[in-house]
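Have a look at the structure below before the remarks.
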Amino acid sequence: MANECHPNERRTHVGLRPEDLQVNAPPLGGKSLSLEAIIESIEPVGNEIFLTVQAAGHTIISRVPPQALPEAGRPLRLYFNADRLRYFDAQSGARLS
């Protein structure tokens, strides 16, 4: 997402690994956050499911264990631990500490 910022501030991108998003249950430990999403596609691939969703105008891919899920087009809440967020410099793509 592009936001206006102070000229002396650095623009950043925020990311999560696909396996850090969980369906229907907050992760244990740390600060749990969530987002409401709409399911675009569900791709079972053996011992995991690739779940593609739309949230806040962005396409997000999650990797979850096999489980019953709502059908495509339905809403879904995804949970994640705030400690798992990763920050990157928007211009260089370098990870920020």
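Each reported figure results from applying straightforward, stated rules to the coordinates on display, with no laboratory input. Only a predicted model underlies this, so the values are computations on that prediction, with no experimental measurement involved. Glycine gets a Cβ as well: all are built from the backbone with ideal geometry, and neighbour counts include every protein chain shown.
Quick look at the values:
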read-out: Among residues of the stretch 52-65, those that are within 13 Å of Asn24 (Cα to Cα) and surrounded by fewer than 15 Cβ atoms within 10 Å (Cβ to Cβ), counted; value: 1
read-out: Residues located in the stretch 39-49, provided they are under 14 Å from Leu21 (Cα atoms) and touching a residue at least 24 places away in the same chain (Cβ under 8 Å); value: Ile39
read-out: Any hit, the stretch 75-97, residues being surrounded by 10 or more Cβ atoms within 10 Å (Cβ to Cβ), assigned to a loop (DSSP other than H, G, I, E, B) and of a type in the set (D, E, K, R); value: no
read-out: Flag if Ile61 is assigned to a strand (DSSP E or B) and within 20 Å of Gly15 (Cβ to Cβ); value: yes
read-out: Candidate set from the stretch 7-28 (those that are under 10 Å from the mean Cα position of the chain (by Cα) and part of a strand (DSSP E or B)); member that is surrounded by the fewest Cβ atoms within 10 Å (Cβ to Cβ); value: Val14
read-out: Residues located in the stretch 29-58, provided they are charged (D, E, K, R), outside any loop (DSSP other than H, G, I, E, B) and over 20 Å from Val14 (Cα atoms); value: Glu40, Glu43
